[in-house]
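So the structure is just underneath, and the comments pick up after that.
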Amino acid sequence: MSNTVRVQPDLKFVQELQQVGGEALKKCYQCATCSVVCPLSPADSPYPRKEMVWAQWGLKDRLVNDIDIWLCHNCGTCSDLCPRGAKPGDLLSALRNMAYRSLAKPSIIGTWMSSSKGFPLLFLIPALIYMAIWVLRAGQLGTAFPLFVTDGHTLKVAAEGAIIYGGLFPGDFTIDPIFGAVFAFMAFAFAGGIASMLKGFESMPKTFIVGRGKEPSFLCCLIDTLKVEVAQHSRFRNCGQEEKDVQRFTGHLFVFYAFIALMVVTSVVAVGHWFGAFFLQHLMGIEGGIAALIAWSGHTPMPLWSPVKLLANAGAVALVYGLMKLTGRRTAMDAAKSTSNWYDWYLLTVIWGIALTGIGSEIFRLFGQKILAYPTYYLHLVFVFMMLAYLPWSKLGHVVYRTVALAYARKIGRLPMGELK
């Protein structure tokens, strides 16, 4: 006798799913073309066919705890070849969008992130914070567009001075404390989101692989995932060989390593300032030797020939190149087969904002255009804040969530054909 399964559709969930990118899911008639053509789908219980069924039935509980929505790398092959135009790739993207909204707390940020209506508020929060700092500092300095000269370890306003962003927005009192708090908030939100996601994965069946041996630890699987699938973008490379697939792989790779380079630059500046200049020189009284070298590495503005500055500029160029590839792919997409949603354009907008304002800040500073330099740097701070503070609820959050999901899938043996070992 077969077991009876009681299906309790959540119609509200279906409507919400259609609103965030899964509007064509009702067209699916279960031909299984999507699962057959997917280069990454496992042989056992492949996706995205089953997700299309669950979505049509409104099985929210199954979908929100489904690891496969994270294993999909959204190459679009399934949507390109769907005979009904059901856009299964868009459905999995929509499911990830819904996950971004609810995984991390507070969920109100996820609600703001879910549509363009929340963008003004998301922008306004950092805009007001840094505008308040700008106004207060302008009152202290006597001008909103100051030029500075160096007097020992201090900066003084001078008519014939230079543009120094740290003079208007002091790192010790404005940049570092705020972004330190933002980073802690982001890490705490991600921790909660990852815990919720892993708890949902506990019901996933494990795959028995003949000859595999003992099940590896999650840490080992995470290390393998970082080395192979994250560092090399191996699944993006294997996710189709058409021009649009190569463009997406190249764009992701350049953006990823651009952020790595810029993160290294930020870390060097922080270590140079706080460890070198503040701790070694100011507190310990060590002025020369290694202390001076460490402090110099974090001193801004840096000369263009500084290795740290060269790395920063190389990262900026790589970021723009990667963004051009990704934006070009998005704008060239066939709407009949796959569409871009708000989450896609929000992320591109914020990263473009970071890239252009960062480059603009450097150019305007070098040419002494203070009226353009300070507003551009102000916007740069706003966009960086938006990327970091809202990261667990944005599409960029997949960098963390997908990495954890891929590691868990490796642990339980849920891998594409050819990767099982």
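Overall shape: prolate for the chain, with the ratio a/c of the largest to smallest alpha carbon gyration tensor axis at 1.5 or above and a/b above b/c. In nm, to one decimal, how far is the Val157 label point from the Lys309 one, both placed 7 Å along Cα→Cβ? Placing both labels 7 Å beyond Cα along the Cβ direction yields 2.6 nm.
Using alpha carbons only, the radius of gyration of region 11-98 set against its Kirkwood radius gives Rg/Rh = 0.91. With a ≥ b ≥ c the root eigenvalues of the C-alpha gyration tensor of region 271-421, is it rounded (a/c under 1.5), prolate (a/b larger than b/c) or oblate? Cα axes put region 271-421 in the oblate bin. Each of Trp54, Trp345, Trp393 was scored by other Cβ atoms within 10 Å of its Cβ. Listed from fewest to most, they are Trp345, Trp54, Trp393. Applying a length cut-off of 24 Å (Cα extent along the axis) and a mean Kyte-Doolittle floor of 1.6 to the DSSP H helices of the chain leaves 119-141.
Working from Cα pairs under 8 Å separated by at least six residues, relative contact order for the chain is 23 percent. Cβ screening of the chain for cysteine pairs under 4.7 Å finds these without a partner: Cys28, Cys31, Cys38, Cys72, Cys82, Cys220, Cys221. Given a Förster distance of 30 Å, report the FRET efficiency between Thr300 and Thr111 from their Cβ-Cβ distance, rounded to the nearest 0.05. Calculated transfer efficiency: 0.20. Taking a Cβ cut-off of under 9 Å around Ile163, the surrounding Lys, Arg, Asp and Glu residues balance to a net charge of +2, with basic ones at +1 and acidic ones at -1.
Taking amide H positions as placed in the peptide plane 1.01 Å from N, state which residues far from Ala162 in sequence (5 or more) or on other chains have amide H under 5 Å from it. Hits under the 5 Å cutoff: Phe148, Val149. Extension gain for the segment Ser203 to Ser102, taken as residue separation times 0.36 nm less the Cα-Cα distance, is 34.5 nm to one decimal. For Lys105, the residues whose modelled amide H falls within less than 5 Å of its own, excluding neighbours fewer than 5 places apart on the same chain, are Gly193. Working from label points 7 Å from Cα in the Cα-to-Cβ sense, the Asp10 to Ala32 distance is 2.8 nm. With a simple spin-label model that places each label point 7 Å from the Cα along the Cα-to-Cβ direction, the separation between Asp172 and Ser267 comes to 2.6 nm.
Every read-out reported here was derived from the displayed coordinates using simple, explicitly stated rules and does not represent laboratory data. All of these numbers come straight from a predicted model, not from anything done at the bench. Reconstructed Cβ throughout: ideal geometry from the backbone, glycine too, with neighbour counts over all protein chains shown.
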